[in-house]
Amino acid sequence: MSEPRYGPTTLVTSRAARSGAAKVPAVVALFWSTKALTTAFGESTSDWLVHTISPGPAVLAGFAGLCLALAWQLRAPAYSALRYWFAVAMVGVFGTMAADVVHVGFGVPYLISTVFFALVLAGCFVAWHRTEGTLSVHAITTRRRELFYWLAVVATFAFGTAIGDLTATAGLGYFPSALLFAALIAVPAIGYARFGLHPVLAFWIAYVLTRPVGASVADWLGRSHADGGVEVGSGVVTLLLGVALLASVGYLHRSGADAPEA
């Protein structure tokens, strides 16, 4: 699903909205497949790092990677597939760690952490909309809007990780959880295509739901048989997903298939 570039009142057309070049990609089919790869890659990479080195250094490494990626992205004068998707991938890694630290490190139940991150995400959206008058990704043309955007993206990854772990550990399992959230993505898609659901709302619902889909698939592939997985191993899963992600981003970079319209 994709948003029209200009539309209802939520989509701002003020001079401020057009003050700079777009910094995020066009919402095309490859956007969603690449986003799904980043969610799965973030989950498997986080698991691999935490089990390869101690959790403390792993979290610090994830945070350093996130800061580096966001700094590179924020310095870009216009959309760059390499910079943007590197930032999303690092958000995926650190967002997973943030959610896991709350549960594993502090013993907070998944239900509580899911509600907490949902409130954080809602707070990001409310503050963003009250400040800028829009949540449209087609209006990310100023530094302030870009900062709001990335805060929301980090929150979606943390929330998606928490809710995916909640359903998986509540008895549903990893693969059924992936199927559940994949089916739920159809709701905003059908709502937008058939029933006039606002494109901005449809986009963000689908964006949030892609996180638990990818994370559940990665966990299903990497976790042990005892945990309900197929036991490929988080290292192998990370490598395979990394190759697929590099191929997808490389194609987008060369072809410009997701370049925002001028």
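Key figures for this structure:
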{"item": "Heavy-atom accessible area ranking, 1.4 Å probe, most first, across 223, 143, 194", "result": "194, 143, 223"}
{"item": "Net charge, residue 23 excluded, C-beta distance under 11 Å - Lys, Arg +1, Asp, Glu -1", "result": "+3"}
{"item": "Residue with peak Gaussian network fluctuation, the chain [Cα springs, cutoff 10 Å], from 186, 21, 202", "result": "186"}
{"item": "Taking the chain and dividing mean pair separation by its residue count, relative contact order in percent (alpha carbons under 8 Å, at least six apart)", "result": "31 percent"}
{"item": "Of all accessible heavy-atom area on the stretch 96-200, the percent that carbon and sulfur account for (1.4 Å)", "result": "74 percent"}
{"item": "Debye-sum result for the stretch 130-262 in log10 I(q)/I(0), which assumes one identical scatterer on each alpha carbon, at q = 0.11, 0.23 Å⁻¹", "result": "-0.52, -1.32"}
{"item": "Packing-based order for 224-231, 213-220, using average beta carbon neighbours within 10 Å, highest first", "result": "213-220, 224-231"}
{"item": "15 Å beta-carbon shell around residue 107, net charge (K/R +1, D/E -1)", "result": "-2"}
{"item": "Mean ellipticity per residue at 222 nm, deg cm²/dmol - from DSSP H runs of n ≥ 4 across the chain, formula -39500 (n - 2.57)", "result": "-24000 deg cm²/dmol"}
{"item": "Accessible area expressed per residue, the chain, with surrounding protein chains retained (probe 1.4 Å, Å²)", "result": "45 Å²"}
{"item": "Net charge, residue 39 excluded, C-beta distance under 15 Å - Lys, Arg +1, Asp, Glu -1", "result": "-3"}
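The values are calculated or read from the model by the stated rules, or taken from the named source; none is laboratory data. Nothing here was measured: the structure is a model prediction, and the numbers come from that model. FYI the Cβ positions are ideal-geometry reconstructions off the backbone, even for glycines, and counts take in every protein chain you see. Remember, those area values only see protein heavy atoms, side chains included, never the ligands or the DNA or RNA. Shrake-Rupley method; radii C 1.70, N 1.55, O 1.52, S 1.80 Å.
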